[in-house]
Amino acid sequence: MRFQEDHHYIEKTLQGNINAYGQLIQKHEKYAYTLAMRILKNREDAEEAAQDAFIKAYHSLKTFEGKSKFTTWLYKIVYNEAVGRLRKTKTYTIQLEEVEDIPVNSNDYLDGLSSMQLEERKKIIQRGLDLMKPAESAALTLFYLDEQSIKEIEVIMGLTSSHVKILLHRGRKSLLDSLQKITKSELIHLL
């Protein structure tokens, strides 16, 4: 489905069209869920956090001024909701859950072997992200998967630019360490 610009749906929603907000949810639900999943590391908690964030965003939509992108504003709500849940539960258990796949362009052609290799890489990267600290995992997700700028991540996470850069640097290093541990473990099991 091809979506229109966010401001179109926001205007319609503010005029009372609830279906327009449904379209806005559909447009951003996978990324909102993925961000919540990076922090909470539990499918059910991430789904609830994303849903609650969309409800909060709906009730606060009239306060959205448009000074930043809608996604920046929305992801800040998702981030705060997920971090709030993490603080409440104080559980840091790691579950290797599958995250929704980012849709692949239908024009791209991958043969069967390449497709399997891509799927395996995704699973290994997911496992690596699950082993990381939630803040580092969230920062990497926002920067690389959601393609948010450092400035936008500052707003979403409520951090300074230098702190975001530190999180990204540490996150890349942590991800590399995690991936090395995972692959080493996989190799040991093969022997």
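Do we find that Gly158 is at positive phi, at pLDDT 85 or above and not hydrophobic (A, V, I, L, M, F, W, C) in this structure? So Gly158 fits the description; yes. No other residue among Thr63, Thr89 is more than 26 Å from Tyr9 (Cβ to Cβ), surrounded by fewer than 19 Cβ atoms within 10 Å (Cβ to Cβ) and among the β-branched types (Val, Ile, Thr) apart from Thr89. Can you tell me which residue within the stretch 1-28, out of those that are assigned to a helix (DSSP H, G or I) and among the acidic types (Asp, Glu), is surrounded by the fewest Cβ atoms within 10 Å (Cβ to Cβ)? The selected residue is Glu11.
In the stretch 162-191, what residues are crowded, with 18+ Cβ neighbours inside 10 Å and of a type in the set (Gly, Ala, Ser)?
Filtering the stretch 162-191 for residues crowded, with 18+ Cβ neighbours inside 10 Å gives 164, 167-168, 171, 174-175, 178.
Gly171, Ser174, Ser178 - these are the residues of the stretch 162-191 that are crowded, with 18+ Cβ neighbours inside 10 Å and of a type in the set (Gly, Ala, Ser).
Being open to solvent by 40 Å² or more (accessible area, probe 1.4 Å), in contact (Cβ under 8 Å) with a residue 60 or more places away in the chain and either in contact with a strand residue (DSSP E or B) (Cβ under 8 Å, 6 or more places away or on another chain) or in a helix (DSSP H, G or I) (or both) narrows it down to one of Tyr75, Tyr79, Tyr31, so name that one.
Of the residues listed, the single one that is open to solvent by 40 Å² or more (accessible area, probe 1.4 Å), in contact (Cβ under 8 Å) with a residue 60 or more places away in the chain and either in contact with a strand residue (DSSP E or B) (Cβ under 8 Å, 6 or more places away or on another chain) or in a helix (DSSP H, G or I) (or both) is Tyr31.
Whether any residue in the stretch 154-161 is part of a helix (DSSP H, G or I), of a type outside the set (Asp, Glu) and open to solvent by 100 Å² or more (accessible area, probe 1.4 Å) is what I want to check. So far as the stretch 154-161 goes, no, none of its residues is part of a helix (DSSP H, G or I), of a type outside the set (Asp, Glu) and open to solvent by 100 Å² or more (accessible area, probe 1.4 Å). Of all residues in the stretch 35-60, those satisfying the criterion of being in contact with a helix residue (DSSP H, G or I) (Cβ under 6 Å, 6 or more places away or on another chain), open to solvent by less than 40 Å² (accessible area, probe 1.4 Å) and either within 19 Å of Phe3 (Cβ to Cβ) or without any contact (Cβ under 8 Å) to a residue 60 or more places away in the chain (or both) are Leu35, Ala36, Ala46, Ala49, Ala50, Ala53, Phe54, Ala57.
Flag: Glu147 does not match the condition of being among the acidic types (Asp, Glu) and part of a helix (DSSP H, G or I).
The values are calculated or read from the model by the stated rules, or taken from the named source; none is laboratory data. Keep in mind that this is a model prediction, so the values were computed, not measured. Cβ coordinates were reconstructed from backbone atoms using ideal geometry, including for glycine residues, and neighbour counts include every protein chain displayed. Just so you know, the surface numbers come from the protein's heavy atoms only, side chains and all, with ligands and any DNA or RNA stripped out. Shrake-Rupley method; radii C 1.70, N 1.55, O 1.52, S 1.80 Å.
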